[in-house]
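Peer 1: If you scroll down you'll find the structure; I have some questions about it.
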Amino acid sequence: MHILTWNCNGALRNKLDALATLQFDIAIIQECEDPDLSNSLSYKTWAKNHLWTGKNKNKGIGVFASPAVKLAPVDLELGQLESFLPCRIKDSFLLLATWTRQANSPTFQYIGQLWKFIQAHRAVLSTQPTVIAGDLNSNVRWDKWDRWWNHSDVVRELSAMGLESVYHRSRGIQQGSEPEPPFYLQRNPAKEYHIDYAFAPVAWLDECSAWVGDSDKWLQWSDHMPLVVRVDPPDDA
């Protein structure tokens, strides 16, 4: 199964041809508009099988699946956490689409939002096959010595639940040592960061792979490059 995550930087309706060049079964797209409220017929048609959430109809997070993939929402209490879209794939595993944000939180911003989600829903995440993927706005290089919800802390908690980053597993590298940045701040090649991730069950990762879009092509569309991972869930998934 191929899972894509991409912060499209808005106006996804105008970027469908670029996405069509990629192979994926599920696409997690941040900063996209709500297909149900869009005036674009082509976007509505493309998004026949989707879920979407957001406070602004022009800038939310969507999960878009191929017609063969059964997609259903999962009702989890989110409170003020931003932004998470939990859903069930093929009645087989939980997908948590993510776009961690500042969320008007004085303390638990960005990766802190995922840390709080894990604390609230640990039983849900750890008792069933789960994939967590999206724009985390985080990297181990930004850990702070006096903070208990650093990027490293979240990675350790996910590892304890049997989830690993597909990119790092497939490359055999450590967090913070990424050679292929999927994000360029202000689309500046000199400001490159690895802040997009996909975590999946270790049992699915024997022959996993990961691909990051080439900046020469994708910077025209967004400050983020798409990250596509291939995992091997059980046949019933």
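Peer 1: List the aspartates and glutamates whose alpha-carbon lies under 15 Å from that of Lys70, not counting same-chain residues fewer than 8 positions away?
Peer 2: Asp25, Asp91, Asp235, Asp236
Peer 1: In debye to the nearest 20, how big a dipole does the chain give about its Cα centre with +1 on each Lys and Arg Cβ and -1 on each Asp and Glu Cβ?
Peer 2: My answer is approximately 500 debye.
Peer 1: Along the positive direction of the dipole of the chain (beta-carbon charges: Lys, Arg +1; Asp, Glu -1; about the Cα centre), which of Leu136, Leu41, Thr5 reaches farthest?
Peer 2: Leu41
Peer 1: Using a 1.4 angstrom probe on the protein heavy atoms only, line up Ser209, Ser165 by accessible area, largest first.
Peer 2: Ser209, Ser165
Peer 1: Just from its helices, what would the mean residue ellipticity at 222 nm be for the chain, if runs of 4 or more DSSP H residues each count -39500 (n - 2.57) and the sum is divided by every residue, rounded to the nearest 500 deg cm²/dmol?
Peer 2: Mean residue ellipticity at 222 nm (helix-derived): -5000 deg cm²/dmol.
Peer 1: When Rg is the radius of gyration of the Cα atoms in the chain and Rh is its Kirkwood radius, what does Rg/Rh come to?
Peer 2: Ratio of gyration radius to Kirkwood radius: 0.93.
Peer 1: Test of understanding: express the Cα radius of gyration of segment 44-89 as a ratio to 2.2 N^0.38 Å, with N the residue count.
Peer 2: Ratio of Rg to 2.2 N^0.38 Å for segment 44-89: 1.21.
Peer 1: Same structure, new question: Which one of Leu16, Leu163, Leu94 has the biggest mean-square fluctuation once the chain is modelled by GNM with Cα springs under 10 Å?
Peer 2: Result: Leu16 has the largest fluctuation of those listed.
Peer 1: Still on this structure: What dipole magnitude, in Debye to the nearest 20, does segment 99-165 give about its Cα centre under +1 on Lys/Arg Cβ and -1 on Asp/Glu Cβ? All intermediate terms of the calculation are to be shown ahead of the outcome.
Peer 2: Values: 7 positive and 6 negative charges, 27 e Å.
Here the size comes out at about 140 debye.
Peer 1: Follow-up. Which whole-Hz couplings ³J(HN,Hα) result when phi for each residue of segment 87-93 is put into the Karplus expression 6.51 cos²θ - 1.76 cosθ + 1.60, θ = phi - 60°, listed in order with x for Gly and Pro?
Peer 2: Values, residue by residue: 8, 10, 9, 6, 6, 10, 8 Hz.
Peer 1: Counting only residues 5 or more places away or on other chains, whose amide H sits under 5 Å from the amide H of Phe183 once H atoms are built in the peptide plane?
Peer 2: The answer is Tyr193, Ile195, Met225.
Peer 1: With a 1.4 Å probe and all protein chains left in place, how much of the accessible area of the chain comes from carbon and sulfur atoms, in whole percent?
Peer 2: 47 percent
Peer 1: Quick check: Cα centre of segment 168-226 to Cα centre of segment 66-116, how many Å?
Peer 2: If we compute the Cα centre of each part, the gap is 20 Å.
Peer 1: While we're looking at this one, here's another question. Leaving out ligands and nucleic acids, note down the accessible area per residue over the chain with a 1.4 angstrom probe, in whole Å².
Peer 2: Here the per-residue accessible area is 46 Å².
Peer 1: Under the rule a/c < 1.5 gives rounded, and otherwise a/b versus b/c splits prolate from oblate, where does segment 94-216 land using the Cα gyration tensor?
Peer 2: In terms of gyration-tensor shape, oblate.
Peer 1: Sequence-distant or interchain residues sharing an amide H contact under 5 Å with Gly176, placed H: which?
Peer 2: Distant-sequence amide H within range of Gly176: Val140.
Peer 1: Return the lysines within reach of Lys217: Cα separation strictly under 20 angstrom, same-chain partners fewer than 8 residues apart disregarded; answer none if there are no such residues.
Peer 2: Counting by Cα, and skipping residues close in sequence, Lys217 has these lysines nearby: Lys15, Lys191.
Peer 1: Under unit Cβ charges (Lys, Arg +1; Asp, Glu -1), what dipole magnitude, rounded to 20 debye, does segment 179-237 have relative to its Cα centre?
Peer 2: The calculated dipole for segment 179-237 is roughly 400 debye.
Peer 1: Another question about this same structure. Beyond 21 Å, what share of the Cα-Cα pairs of segment 1-133 remains, rounded to the nearest whole percent?
Peer 2: Result: 40 percent of Cα pairs exceed 21 Å.
The values are calculated or read from the model by the stated rules, or taken from the named source; none is laboratory data. Note that the coordinates shown come from a computational prediction; the quantities given were computed from them, not determined experimentally. As a convention, Cβ positions derive from the backbone with ideal geometry for all residues, glycine included, and neighbour counts pool all protein chains shown. Calculation scope for accessible area: heavy atoms of the full protein, side chains included, ligands and nucleic acids excluded. Shrake-Rupley method; radii C 1.70, N 1.55, O 1.52, S 1.80 Å.
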